[in-house]
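Shown next, in structure tokens, is the structure this report addresses.
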Amino acid sequence: MQDPRIRLVTTIMLSIAAWISVSGAILSILWWLVCGRAKTSIKTLRSLFLILIIPAVMGLAALWSGGDGLSYFIRISAVLIIASWMYAERYPGELLDVGVWFLGTKTGFDLGLIGELSMSSLDTLAREVDRISIALRQKGTSLSPGIIPAVFSGILIRQLNLAHERAILLTLRGYTTGGTHCPSFTSTFADWLNGTFSCTIFLYSLITGDFFNISGSTFII
């Protein structure tokens, strides 16, 4: 999907649809397989396992307490899959493009810049984790509870130093608020078609999932 505006709306629609109902979650996964071409930022089965282990544990806890743990696991897994698809599809600067297009060169520029800096930090964090994994393999050791504090404290310190360096750089360049940016977008027929499908899935999930419980004035999750 080339147009980041449609991609953002699609991600929001599918994520809400997946959270509302199990049918919406299943349809969102099918959309990802067909329209999203099963593209994901998750590269290994180990990474997939680490990502899904938390909703799996929470689902088992809900099941143990008498709740619908399977439904929770399916819905959260679908949301995570859609998020990984969006992350894999993104290109540098798209959040700034969408922010300026949607909210202008002041608020939109600021929010877009914050988003780009955050995504850049995630990329840096992923590279740091890869380097740590390589170093541990070279030393013939594995990630154990004893070295986790040292590893993640080092990553945290690195991220804080990077944020400080960026803040100094923006200050030296005289940044206060807003900026000039002229975004351009390329929309294809496939983008609009896939976006329409995502809105259809959202509406279907909204209707079949009984999102609003009129009698109790509560949300059904």
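Coordinate-derived values only; no laboratory data. Values in this document were obtained by computation on a predicted structure and should not be read as measured data. With ideal geometry, Cβ positions are generated from the backbone for all residues, glycine too; neighbour counts draw on all protein chains shown.
Run lengths n ≥ 4 of DSSP H only: what is the helix-derived mean residue ellipticity at 222 nm for the chain, with -39500 (n - 2.57) per run over all residues, to the nearest 500?
The helix-only estimate for the chain comes to -24500 deg cm²/dmol at 222 nm.
Placing +1 at every Lys and Arg Cβ and -1 at every Asp and Glu Cβ, with all other atoms neutral, what dipole size does the chain have around its Cα centre, in debye to the nearest 20?
Computed charge dipole of the chain: roughly 600 debye.
Using alpha carbons only, what's the Rg to Rh ratio of segment 1-90 with Rh from Kirkwood?
1.00
Over segment 1-46, what lengths in whole Å, largest first, do the semi-axes of the equivalent ellipsoid take, defined as the square roots of 5 times the eigenvalues of the alpha-carbon gyration tensor?
Its equivalent ellipsoid spans semi-axes of 17, 16, 10 Å.
Which helices of the chain meet both criteria: a Cα extent of 20 Å or more along the helical axis and a mean Kyte-Doolittle score no lower than 1.6, with helices taken as whole DSSP H segments?
Those that pass (Cα extent of 20 Å or more, hydropathy at least 1.6) are 45-64.
Contact order normalised by length for segment 95-215, with contacts defined as Cα pairs under 8 Å and 6 or more residues apart; what percent is it?
33 percent
For mean projected area of the Cα convex hull in nm², several values are listed as (1) 15.6; (2) 16.2; (3) 17.0; flag the one computed from this structure.
(2)
With the dipole of the chain worked out from charges on the C-beta (+1 for Lys and Arg, -1 for Asp and Glu) around the Cα centre, which of S118, L8, L50 lies farthest toward the positive end?
Of the listed residues, the answer is L50.
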